[in-house]
Amino acid sequence: MAEIVDFLHNPSKYAEIGASLPKGALLVGPPGTGKTLIARAVAVEAKVPFFAISGSEFVQMFVGMGAAKVRDLFKQAGEKAPCIIFIDEIDAIGKRRDTGMGNDEREQTLNQLLTEMDGFDGRKGVVILAATNRPESLVKALLRPGRFDRRVQTELPDLEGRKAILAVHLKKVKHVDIDMDIVARAIAGSSGAELANIVNEAALRAVRMGRKSVTTSDLEESVETVLAGAQKKNAVLSDAEKKLVAYHEIGHALVAAMQIHSAPVHKITIIPRTSGALGYTMQVDSGEHYLMDRDELFNRIVTLSGGRSAEEVVFNTVTTGASNDIEQATKLARAMVTRYGMSEKYDMMGLETVNNAYLGGDSSLTCSADTASDIDREVLNVIREAHDKARKIISENMEIMHKAASFLIEKETITGDEFMKIVNDNTDGQNHKS
Ligand code: ZN
């Protein structure tokens, strides 16, 4: 993008050597990562006019209107060159036909766009930026050299990125000294748009609490609101239920604490949330992770089994409270077998492809029906093994379970440090990690 800005500033530098700018760049990434913002920023940096249009606007038009609109757009842009044309949601017009059913209007619009892109002179300085979150669905013709031949990935921000984005949004609200590190760590995997929302929620909370500025705890609370829903103040759990939830959560925390390769426990709470969660254990990774090894993934499944295991070991019962854990554990175990090549049986064979990587990432199996049912057995083995390990950890540490659970029932929310103190006080300083 910096190169595009530079080209628009001094085209002669590039012309001298005979280079011409890529005509188009495709901004690809998950929703909320700032594709439109980047396109705008390029126009502002380059101090050129910015023409923006959304692909979905073309779809509802009468036949012929879309093509005419594209023609107009390029005509205007040609007169105002150098300038930037931004087409948001380009997949709405540039989608590959896979159903066999054509959409005349879309085809005509697309053809007009291709013609215009081929027709104009790259040296004039009209740059076309387009954004999509489903790059795999675009027609090949759009991606050919001379059209959108450059691809710019907008990814979810990493830790440093999140801190920087938070700082930008915090400029807009009055705040005291904020511990950015804690907040940024707690929201791994959030997009820029979500970060903006978190800061705004924190500001609203500060107003609700009758304060004049946003504090770190406002931000922490709004992170939890975004992750798990708002606190449900009027939900009253019976003492028996509260006890069950407390042991369930301590089960997760204890299993996490007793394993290496697992993120430290940051907070445990049994205040019900509007999302339906009756409590949760928040783990916050101390560093940024790009790779995960088999042990880490497996231990994560063990930690997810911790809640249910506590119900079993302590109360000799099972509850519906583990449904979300079960869902996540199964997803992880399945990915280990089908996508990460982490099962003995299937070695490095890919058994699943991910379709919409940027939109939820639904996947489809690429193997025979026989193998598919065998995969289920493999997945079950992984989960069984993890569940057994969790049960073992809990039964070996019942004293900590009881102490931590009664502390949690009394306080309703405890910090990771408070929890680790109970763990360490009761393990005689030995390293019980396995
Ligand atoms: Zn759970």
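The values are calculated or read from the model by the stated rules, or taken from the named source; none is laboratory data. Since this is a predicted model, take the numbers as computed values, not measurements. When we count neighbours, we look across all protein chains shown, and the Cβ atoms used for this are built from the backbone with ideal geometry, even at glycine. These accessible areas exclude ligands, DNA and RNA; they are computed on the full protein's heavy atoms, side chains included. Shrake-Rupley method; radii C 1.70, N 1.55, O 1.52, S 1.80 Å.
Say whether the condition of being away from the ligand (no atom under 14 Å from the Cβ), open to solvent by 20 Å² or more (accessible area, probe 1.4 Å) and touching a helix residue (DSSP H, G or I) at 6+ places or on another chain (Cβ under 7 Å) is met by at least one residue in the stretch 239-246. Yes, the conditions are met somewhere in the stretch 239-246.
If you go through the stretch 287-337 one residue at a time, how many are within 11 Å of the ligand (Cβ to nearest atom), out of contact with any Phe, Trp or Tyr (no Cβ under 6 Å at 6 or more places or on another chain) and within 26 Å of Ala186 (Cβ to Cβ)? Summing the residues that are within 11 Å of the ligand (Cβ to nearest atom), out of contact with any Phe, Trp or Tyr (no Cβ under 6 Å at 6 or more places or on another chain) and within 26 Å of Ala186 (Cβ to Cβ) in the stretch 287-337 gives 16. If you go through the stretch 261-282 and keep only what is touching a Ser or Thr at 6+ places or on another chain (Cβ under 9 Å), modelled with pLDDT under 85 and under 21 Å from Ser309 (Cα atoms), you end up with Ser262, Ala263. Does Tyr358 meet the test of being more than 16 Å from the ligand (Cβ to nearest atom) and in contact with a Pro (Cβ under 8 Å, 6 or more places away or on another chain)? So Tyr358 fits the description; yes.
Out of curiosity, is Asn103 modelled with pLDDT under 85 and open to solvent by less than 80 Å² (accessible area, probe 1.4 Å)? Yes, satisfied.
Residue pairs whose Cβ atoms lie under 7 Å apart, sitting 6 or more positions apart in sequence or on different chains, and linking a residue in the stretch 318-332 that is within 19 Å of Phe298 (Cβ to Cβ) and assigned by TED's automatic domain parsing to the domain that holds Asp376 to a partner that is open to solvent by 50 Å² or more (accessible area, probe 1.4 Å) and near the ligand (Cβ under 9 Å from one of its atoms), are Ala322/Arg308; Asp325/Arg308.
Return yes when Pro49 is farther than 28 Å from Arg134 by Cβ and surrounded by 15 or more Cβ atoms within 10 Å (Cβ to Cβ) and no when it is not. Here the answer is yes, as Pro49 does meet what is asked. Counting only residues that are open to solvent by 20 Å² or more (accessible area, probe 1.4 Å) and without any contact (Cβ under 8 Å) to a residue 60 or more places away in the chain, the stretch 183-198 holds 3 of them. Of all positions in the stretch 69-80, none carries a residue that is under 22 Å from Gly161 (Cα atoms) and in contact with a helix residue (DSSP H, G or I) (Cβ under 9 Å, 6 or more places away or on another chain).
When residues in the stretch 144-154 are screened for being modelled with pLDDT of 85 or more and either open to solvent by 20 Å² or more (accessible area, probe 1.4 Å) or under 27 Å from Glu194 (Cβ atoms) (or both), 5 of them pass. Against the list (1) in contact with a strand residue (DSSP E or B) (Cβ under 7 Å, 6 or more places away or on another chain); (2) outside the structural domain of Glu288 (by TED's automatic domain parsing); (3) within 16 Å of the ligand (Cβ to nearest atom), the condition Ala206 fails is (3). Against the test of being assigned by TED's automatic domain parsing to the domain that holds Leu37, under 28 Å from the mean Cα position of the chain (by Cα) and of a type in the set (D, E, K, R), the options Arg185, Arg147, Arg106, Arg134 yield a single qualifying residue, Arg134. Looking at the stretch 116-136 only, could you name the residues that are open to solvent by 20 Å² or more (accessible area, probe 1.4 Å) and assigned to a helix (DSSP H, G or I)? Those that are open to solvent by 20 Å² or more (accessible area, probe 1.4 Å) and assigned to a helix (DSSP H, G or I): Glu116, Asp118, Gly119, Arg123, Lys124, Glu136. Scanning the stretch 274-286 for residues that are touching a Lys or Arg at 6+ places or on another chain (Cβ under 8 Å) and within 13 Å of the ligand (Cβ to nearest atom) gives Tyr280, Thr281, Met282.
Only one of the listed residues (Glu221, Glu155) is under 30 Å from Leu114 (Cβ atoms) and out of contact with any Asp or Glu (no Cβ under 6 Å at 6 or more places or on another chain). That residue is Glu155.
Matching residues to (1) among the aromatic types (Phe, Trp, Tyr); (2) assigned to a loop (DSSP other than H, G, I, E, B); (3) open to solvent by less than 20 Å² (accessible area, probe 1.4 Å); (4) not assigned by TED's automatic domain parsing to the domain that holds Ile393:
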| residue | (1), (2), (3), (4) |
| --- | --- |
| Ala256 | no, no, yes, no |
| His261 | no, yes, no, no |
| Ala277 | no, yes, no, no |
| Thr281 | no, no, no, no |
| Ser286 | no, yes, no, no |
| Tyr290 | yes, yes, no, no |
| Asp295 | no, no, no, no |
| Arg300 | no, no, no, no |
| Ser305 | no, no, yes, no |
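Is it fair to say Glu201 is surrounded by 15 or more Cβ atoms within 10 Å (Cβ to Cβ), under 21 Å from Gly307 (Cα atoms) and either β-branched (Val, Ile, Thr) or modelled with pLDDT of 90 or more (or both)? For Glu201, the condition - surrounded by 15 or more Cβ atoms within 10 Å (Cβ to Cβ), under 21 Å from Gly307 (Cα atoms) and either β-branched (Val, Ile, Thr) or modelled with pLDDT of 90 or more (or both) - is not met.
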